[in-house]
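Chemist: This is the structure, below, for whatever I ask next.
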Amino acid sequence: MTNALRLGIAGLGTVGVGVVRIVRKHAHLLEARTGRKIEITAVSARDAGKDRGVPLGDYAWENDPVALARRDDVDIFVELMGGAEGAAKASVEAALTTGKDVVTANKAMLAHHGQALALLAEETGRQIRYEAAVAGGIPVIKALTEGLAGNEITRVMGVMNGTCNYILTRMEATGQGYNALFQEASDLGYLEADPNLDVGGIDAGHKLAILASIAFGTQVNFDGVELEGIQRVSLEDTRQAADMGYRIKLLGVAQRSPRGLVQRMQPCLVPAHSPLGQLEGGTNMVVIEGDAIDQLVLRGPGAGEGPTASAVLGDICDLARGFKLPVFGQPAKTLEAAQPAQTGLPAPYYLRMSLLDKPGALAKIAKILGDAGVSIDRMRQYGHTNGAAPVLFVTHKTTRASLDVALEAMALTDVIASEPVALRIEHV
């Protein structure tokens, strides 16, 4: 096909402007690689008068993104507004029902409505592509749906929120606590308008739910993701984890267990020498394990104008070439509703607490762990401060349920000076 492929872009924030820049800068390169001219015909955003640093006068303007999605001179609707509901969802549905393919970076919408949208795309014979929704410029969606299609995936895990990784690695590097570095990240513009989307693990949880659907042939189920943010991770945790040969990451893990599908997004310890342990700053990393490839590590920028816009253009180029693929790698009607497994598989745990300076305090805690079936692998006790001593345990593999039994029993004793912190150790 030699006719031009016409884009309608809804959302002219950082990513939308990046897409406009690439289309204008690399028009000849895109045409050479796809065999079709790719052009923008119309755009939509909240403020028509805002100077966005790119020429927009050549494009028709629509105040309503739904109207943009229905335009006859748009072949691909590019949704870059964000948000699980409202205009984003309505405009994508309008695009599909009026015969448009969709490219989106909207992880929240896919995590909450992915199954319904996939069914609609199949009913209308259209495509939804969303490489930019997960891990920015890293082509992890393409890897799972195409390059690794011959594998039975056994585990997907990764660091998928650069803001959290920035805060945690800066804690180690600077010796500053969480609150100071949260403010630093805010001052640098790294946090979402609702910061809990970042530090609460929600943003990364959306991404994990999408990857789990592709990897395990299940319907997207964000409600099945166990979420825990990084707010309780202290500077002491980063130091003491390092003392034991680990680093703390907000880590997403998806894998099958005898109980069902495990989806966890929570702070974990990983070996300091591992690829995940060496990850610095705002960079993302996704680790995929399969029966044929063993382990594949994908590392790169997880956000930003260039990387995310690059992923959007990759999807547009695939559509220009006529490439078709079910939304989550296989027909939506064949995706099973997986049983969420909240307890997860056994693993070693890092356990930190402060014990009051009382005779037999440490023996009492060790007995509680033993009675709950939790075996101690290593233990360290640090110097007394104000009548209490920090104590660190690394357990042998145990279930979170057994550990919770021990933690509940500890709370009833008279030797705990502060609430214990328990973090799973994930070996990579």
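Chemist: Would you please list the contacts, defined by Cβ atoms under 8 Å and residues six or more apart or on different chains, that run from a residue in the stretch 26-40 that is modelled with pLDDT of 95 or more to a residue that is surrounded by 18 or more Cβ atoms within 10 Å (Cβ to Cβ) and among the basic types (Lys, Arg)?
Modeler: Every condition considered, the pairs that remain are GLU39/ARG6; ILE40/ARG6.
Chemist: Still on this structure: Condition test on GLU280, is it surrounded by fewer than 19 Cβ atoms within 10 Å (Cβ to Cβ), within 30 Å of ARG380 (Cβ to Cβ), touching a residue at least 24 places away in the same chain (Cβ under 8 Å) and touching a Pro at 6+ places or on another chain (Cβ under 7 Å)?
Modeler: Working: surrounded by fewer than 19 Cβ atoms within 10 Å (Cβ to Cβ): yes; within 30 Å of ARG380 (Cβ to Cβ): yes; touching a residue at least 24 places away in the same chain (Cβ under 8 Å): yes; touching a Pro at 6+ places or on another chain (Cβ under 7 Å): no.
No: the conditions fail for GLU280.
Chemist: Residues that are under 29 Å from THR14 (Cβ atoms): which helices (runs of 4 or more DSSP H) entirely in the stretch 159-278 hold 1 or more of them?
Modeler: Those helices (runs of 4 or more DSSP H) span 162-174, 178-187, 196-199, 202-216.
Chemist: Among GLY344, GLY300, which is modelled with pLDDT under 85 and open to solvent by less than 50 Å² (accessible area, probe 1.4 Å)?
Modeler: Values: GLY300 fails: modelled with pLDDT under 85.
Just a single option satisfies the conditions, and that option is GLY344.
Chemist: Which number in (1) within 23 Å of ASP243 (Cβ to Cβ); (2) touching a helix residue (DSSP H, G or I) at 6+ places or on another chain (Cβ under 6 Å) marks the one condition that ALA372 misses?
Modeler: It is condition (1) that ALA372 fails.
Chemist: Among the residues of the stretch 197-217, are any over 12 Å from the mean Cα position of the chain (by Cα), closer than 26 Å to GLY137 by Cα and charged (D, E, K, R)? Spell out how you get there, then give the answer.
Modeler: First, the residues of the stretch 197-217 that are over 12 Å from the mean Cα position of the chain (by Cα): 213-217.
Right, trim to closer than 26 Å to GLY137 by Cα and you get 213-217.
In the following step, the residues that additionally are charged (D, E, K, R) were identified as none.
No, there is no match, as no residue in the stretch 197-217 is over 12 Å from the mean Cα position of the chain (by Cα), closer than 26 Å to GLY137 by Cα and charged (D, E, K, R).
Chemist: I need the full set of residues from the stretch 244-266 which are under 19 Å from TYR190 (Cα atoms) and of a type outside the set (A, V, I, L, M), in order please.
Modeler: Here is the first cut: in the stretch 244-266, the ones under 19 Å from TYR190 (Cα atoms) are 249-251.
The answer is LYS249, and nothing else.
Chemist: Where the second residue is open to solvent by 60 Å² or more (accessible area, probe 1.4 Å) and the first is among the hydroxyl-bearing types (Ser, Thr, Tyr) and lies in the stretch 324-353, which pairs have Cβ atoms under 7 Å and are six or more apart or on separate chains?
Modeler: THR343/ARG259; THR343/ARG400
Chemist: What is the number of the single condition among (1) open to solvent by less than 80 Å² (accessible area, probe 1.4 Å); (2) in contact (Cβ under 8 Å) with a residue 40 or more places away in the chain that ARG380 does not meet?
Modeler: If we test ARG380 against (1) open to solvent by less than 80 Å² (accessible area, probe 1.4 Å); (2) in contact (Cβ under 8 Å) with a residue 40 or more places away in the chain, just (1) comes out false.
Chemist: Further question: From the list VAL253, VAL262, VAL225, which one is open to solvent by 10 Å² or more (accessible area, probe 1.4 Å) and over 21 Å from GLY304 (Cβ atoms)?
Modeler: Numbers: VAL253 fails: open to solvent by 10 Å² or more (accessible area, probe 1.4 Å); VAL262 fails: open to solvent by 10 Å² or more (accessible area, probe 1.4 Å).
After applying the criteria, what remains is VAL225.
Chemist: While we're here: Please verify whether the stretch 179-190 includes one or more residues that are in contact with a strand residue (DSSP E or B) (Cβ under 6 Å, 6 or more places away or on another chain) and not β-branched (Val, Ile, Thr).
Modeler: Step one: list which residues in the stretch 179-190 are in contact with a strand residue (DSSP E or B) (Cβ under 6 Å, 6 or more places away or on another chain), which gives none.
Within the stretch 179-190, none of the residues are in contact with a strand residue (DSSP E or B) (Cβ under 6 Å, 6 or more places away or on another chain) and not β-branched (Val, Ile, Thr).
Chemist: Oh, and also: Among the residues in the stretch 82-94, are any within 19 Å of PRO307 (Cα to Cα) and at pLDDT below 95? Lay out the reasoning, then the answer.
Modeler: Start the filter on the stretch 82-94 by keeping residues that are within 19 Å of PRO307 (Cα to Cα), which leaves 82.
Still in the list and also at pLDDT below 95: 82.
Checked the stretch 82-94: at least one residue is within 19 Å of PRO307 (Cα to Cα) and at pLDDT below 95.
Chemist: I would also like to ask the following. Only one of ALA422, ALA406 is surrounded by 13 or more Cβ atoms within 10 Å (Cβ to Cβ), in contact with a Gly (Cβ under 9 Å, 6 or more places away or on another chain) and either outside any strand (DSSP E or B) or of a type in the set (A, V, I, L, M) (or both). Can you tell me which?
Modeler: ALA406
Chemist: Moving to a separate point now. Go through the stretch 109-149 residue by residue and tally those that are open to solvent by 30 Å² or more (accessible area, probe 1.4 Å), out of contact with any Leu (no Cβ under 9 Å at 6 or more places or on another chain) and either in a strand (DSSP E or B) or closer than 15 Å to PHE328 by Cα (or both).
Modeler: 8
Chemist: Scan the stretch 320-341 and tell me whether some residue there is in a strand (DSSP E or B) and under 30 Å from ARG6 (Cβ atoms). Let's see the steps before the verdict.
Modeler: Initially, the stretch 320-341 is screened for residues in a strand (DSSP E or B), giving 336, 340.
Those left that are additionally under 30 Å from ARG6 (Cβ atoms): none.
No, the stretch 320-341 contains no residue that is in a strand (DSSP E or B) and under 30 Å from ARG6 (Cβ atoms).
The values are calculated or read from the model by the stated rules, or taken from the named source; none is laboratory data. Everything numeric in this text was worked out from a predicted model, so none of it was measured. Here the Cβ is made from the backbone with ideal geometry for all residues, glycine too, and neighbour counts use every protein chain on show. Remember, those area values only see protein heavy atoms, side chains included, never the ligands or the DNA or RNA. Shrake-Rupley method; radii C 1.70, N 1.55, O 1.52, S 1.80 Å.
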